[in-house]
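Undergrad: One structure is given below, represented as structure tokens, and several questions about it will come after.
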Amino acid sequence: MSDAVTLFGTDQPPVEGQCFAVGPWSFTLENGALRHIALHGQEAIRNIAFLVRDRDWGTLTPTLDNMQVAQTDTSLGITYDAVFQSADAKLAVRVSIDVGPDSLVMSATGDALGPFETNRAGFTVLHPIKDVAGRPVRVKHSDGSIEDSVFPDLIEPWQPFKDITALTNQVGKAELCCAFHGDTFEMEDQRQWGDASYKTYNRPLALPWPYTIADGERLSQSVELSWTPCSTTPPSRVETGVVDATFPEMALVIDAQDALRLARHPGDIAVVNPQRLLCHLDAELGDTPAQFEAFAAAQRACPDQVFDLELICLFADDPATELSSMAAQMRDAGFAPDSVLVCPSVDRQSTPPGSDWPDCPSLADIHTAASFAFPDVKRGGGMVSFFPELNRKRPPHEKLDFVSHGLCPIVHAADDVSVMETLEAIAHITRSARAIFGDKEYRIGPSTIAMRQNPYGSRTIPNPDNQRICMAHDDPRHRGTFGAAYVIGLACALAPAGLSVWTPAALYGPRGVIADDGHWPISTALKGLAECAGQKIHSTQVADGIAEAFVGNVRLNANLTSKAQQSLGPYAWSIVAANAGETT
């Protein structure tokens, strides 16, 4: 087995960027995008890229060619061609990057070769969240008006700013202006998807999508960064890393087919020894009595395991009727879960800004009906998808015993660095969730690198060649050392939120712990994390590419980078007993 397969579960090499520095600017050029743009050594912009999305919001990978670089002591010029394919049409884009002491400009001119279908085609700019969240920003609009505001502190469910022509904020001892040309731009708070950024993008979401760029039509856009000195430096937020919480119980998710397999092989659970199993029952699949019977069979085979039910209902008619029928089927099958989370099937799909909400009974009516149908078990609500859906359609938490949502780090970007950077946003997500439902019991549902269901399109993206693909159903890194390091990083990032349960994997399948022959490396990490359940969290931190926590008498450590650091190799990790008498 190659080193790449050991680390990443695939022979596909990671992307290597090229570093540049000109005057006060430095950045990495990677696959045509500018990443980690720093001004006087401090990150100012996380990313500028010309991106094209397909009808399922998947990111199209362009063919890059004709790269040319010209650099002097005081200037830098880069040009390249990018060709995007959508069905039988192409979008041929010429990109130029011009950098001088006072400005950095990225421009693009694109021509459609055939009718080109897309959800979005144009520049995307990411502002980082560190030292930016909750800080002042000046927004210039197309009519010339100026809006003095702040980047959202708590995660904003809808666009915080629209009709943007420029954004100005402080970066260290400089004032940075980011100006947009060639289209209408708006911003979304990308933290709610897990990205550690605020994203400014072209073409308002309220406009129809997908749309078609006509054959022969030309688009032209640019993004310009400029700066002026500033006399003061804003204080950085201090994170102590000390928390007052206990480590959550672990669940693994199974569906009805998995339950039948577990019933035949109950020893499989010992690979990780989670405290709980989360049973996913989907009424859209039909034959719900058989699904309940499968879970009942697994419960009989694993009598010491705690079972929870994730119940996806149709709610085409009266919710009380459907839920009463489900409860009767559950009793007839002999399945007795410890808790039931009820979610309407239509809420698995996102309702973007400007779209109509699908027909569905109110969440208040649904959870009132659930209280009668399931009176003797814990009842939960929230979303079986991700935090944006919960943030935009908030549950009546006063009617619930717990609230839950999932996480996924490959919604918008799937390279190795971006996946690990999503851990920066976890604290923002959990703090914003707590602002919605307070001290209610909080659970994190299935949260794997790969996506089990796509709220933003008609399907998850197939990945037969084991590549790094956004919104993929199967991500090879789950099967490598990378996946184990990521899950330890996720555990460290989630620790301060005071969760009761988290679900970091499935039992079987592409997001599972059991392989066709043996089990994946992630299972060893998860077994160690499962043993931490109920233990006091003394400290935890994710910073500078290292995740670490002190839980009970155990120390967790993971290197989240491809470079060796702190005696840990690339994506290496450890879960070890602390030294006798060691304290925080």
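Undergrad: What FRET efficiency comes out for Asn66 versus Arg218 if R0 is 30 angstrom and r is the Cβ-Cβ distance? Round to the nearest 0.05. Write out the running numbers ahead of the final one.
TA: On the way: r = 19 Å, r/R0 = 0.62.
Calculated transfer efficiency: 0.95.
Undergrad: Round to a whole angstrom and tell me the spacing of the C-alpha centers of segment 47-74 and segment 291-362.
TA: The two parts, judged by their Cα centres, are 43 Å apart.
Undergrad: Only bridges whose two residues both fall in segment 498-575 count here: according to DSSP, what percent of them are antiparallel, nearest 5? Walk me through the intermediate numbers first.
TA: Values: 17 of 17 bridges.
So the antiparallel bridges in segment 498-575 amount to around 100 percent.
Undergrad: Right, another one. Can you work out D for segment 3-229 in µm² s⁻¹ from Stokes-Einstein, where Rh is the Kirkwood radius over C-alpha pairs, the temperature is 25 °C and the viscosity is 0.890 mPa s? Spell out each step's value before the answer.
TA: Numbers: Rh = 18.4 Å.
Estimated via Stokes-Einstein, D reaches 133 µm²/s.
Undergrad: Enter the mean projected area of the convex hull around the alpha-carbon atoms of segment 353-405, in nm², rounded to one decimal. The partial results should precede the final answer.
TA: On the way: hull surface 15.9 nm².
Average projection, Cα convex hull of segment 353-405: 4.0 nm².
Undergrad: Evaluate the charge dipole of segment 3-229 about its Cα centre and quote only its size in Debye, nearest 20, assuming +1 on the Cβ of each Lys and Arg and -1 on the Cβ of each Asp and Glu. Spell out each step's value before the answer.
TA: Details: 17 positive and 31 negative charges, 57 e Å.
Roughly 280 debye for segment 3-229.
Undergrad: To two decimal places, what compactness ratio does segment 115-243 give when its Cα radius of gyration is scaled by 2.2 N^0.38 Å?
TA: Numbers: Rg = 16.5 Å, N = 129, 2.2 N^0.38 = 13.9 Å.
Ratio of Cα Rg to 2.2 N^0.38 Å: 1.18.
Undergrad: Given just the C-alpha atoms of segment 242-577, how large is their convex hull per residue in cubic angstrom? Please report the intermediate quantities before stating the final value.
TA: Working: hull volume 44.4 nm³, N = 336.
Measuring per residue, one finds 132 Å³ for the Cα hull of segment 242-577.
Undergrad: Could you give the spread of the C-alpha atoms of segment 179-235 along their three principal axes, from largest to smallest, in whole angstroms?
TA: 50, 28, 16
Undergrad: Kindly list the residues of segment 293-318 that lie in the label zone of Asp332, defined by a backbone N under 17 Å from the point 7 Å along the Cα-to-C-beta vector.
TA: Flagged as within label range: 293-297.
Undergrad: Past the 27 Å Cα-Cα mark, which pairs from Lys173/Lys563; Lys130/Lys378; Lys90/Lys393; Lys393/Lys440; Lys130/Lys173; Lys378/Lys536?
TA: Working: Lys173/Lys563 30 Å; Lys130/Lys378 38 Å; Lys90/Lys393 37 Å; Lys393/Lys440 17 Å; Lys130/Lys173 15 Å; Lys378/Lys536 24 Å.
From the list (Lys173/Lys563; Lys130/Lys378; Lys90/Lys393; Lys393/Lys440; Lys130/Lys173; Lys378/Lys536), the Cα-Cα distance tops 27 Å for Lys173/Lys563; Lys130/Lys378; Lys90/Lys393.
Undergrad: Mind ordering 131-138, 551-558 by average Cβ neighbours within 10 Å, highest first? Write down the numbers at each step before the final one.
TA: Working: 131-138: 17.1, 551-558: 21.0.
Ranking the peptides 131-138, 551-558 by packing returns 551-558, 131-138.
Undergrad: Please report the antiparallel percentage of the DSSP beta bridges confined to the chain, to the nearest 5.
TA: Values: 119 of 156 bridges.
For the chain, the DSSP antiparallel bridge percentage is about 75.
Undergrad: Can you tell me the order of 348-356, 533-541, 141-149 when each peptide is scored by its average per-residue count of other Cβ atoms within 10 angstrom, highest first? Show your work: numbers first, answer last.
TA: Numbers: 348-356: 14.4, 533-541: 17.8, 141-149: 10.6.
Ranking the peptides 348-356, 533-541, 141-149 by packing returns 533-541, 348-356, 141-149.
Undergrad: Charges at C-beta only: +1 for Lys and Arg, -1 for Asp and Glu. How large is the resulting dipole of segment 325-396 about its Cα centre, in Debye rounded to 20? Display every interim value, and only then the final one.
TA: Numbers: 7 positive and 8 negative charges, 39 e Å.
Dipole about the Cα centre, nearest 20: 180 debye.
Undergrad: Between Val5 and Val576, what is the label-to-label distance in nm when each label sits 7 Å out along the Cα-to-Cβ direction?
TA: Reported label-point gap for Val5 and Val576 is 3.0 nm.
Undergrad: If a paramagnetic tag sat 7 Å from the Cα of Asp318 along the Cα-Cβ line, which residues of segment 365-379 would have the backbone N under 17 Å from that point?
TA: Answer for segment 365-379: 365-374.
Undergrad: Once the other residues with Cβ under 10 Å from the Cβ of Pro510 are scored (Lys, Arg +1; Asp, Glu -1), what is the net sum?
TA: Values: positive: Arg452, Arg479, Arg511; negative: Asp474, Asp475.
Every neighbour counted, the sum reads +1.
Undergrad: Hey, could you pull the Cα Rg and Dmax for segment 449-584, both in Å?
TA: 15.8, 54
Undergrad: OK, next. May I have the convex hull volume per residue, in Å³, for the Cα set of segment 1-132?
TA: Roughly 153 Å³ of hull volume per residue.
Undergrad: So, one more: Once the chain is represented by equal point scatterers at the alpha-carbon sites, with solvent omitted, what log10 I(q)/I(0) does the Debye formula produce at q = 0.08, 0.09, 0.10, 0.11 Å⁻¹?
TA: Computed log10 I(q)/I(0) values: -0.57, -0.72, -0.90, -1.08.
Undergrad: Roughly what percent of Cα-Cα pairs across segment 20-67 reach past 15 Å?
TA: Details: 610 of 1128 pairs.
The calculated P(r) of segment 20-67 puts 54 percent of pairs beyond 15 Å.
Undergrad: With bins 10 Å wide starting at 0, give me the P(r) of segment 228-327 over every alpha carbon pair, in whole percents.
TA: The distribution over segment 228-327 is 13, 33, 19, 13, 9, 8, 5, given as percents.
Undergrad: Kirkwood-based Rg over Rh for segment 292-391 (C-alpha set), two decimals?
TA: Details: Rg = 14.6 Å, Rh = 14.5 Å.
In segment 292-391, Rg relative to Rh is 1.01.
Where a number appears in this text, it was derived from the coordinates with a stated rule and is not lab data. It should be emphasised that the depicted structure is a prediction, and the values quoted were computed from it without experimental measurement. Virtual Cβ from ideal backbone geometry, glycine too; neighbours counted across all protein chains shown.
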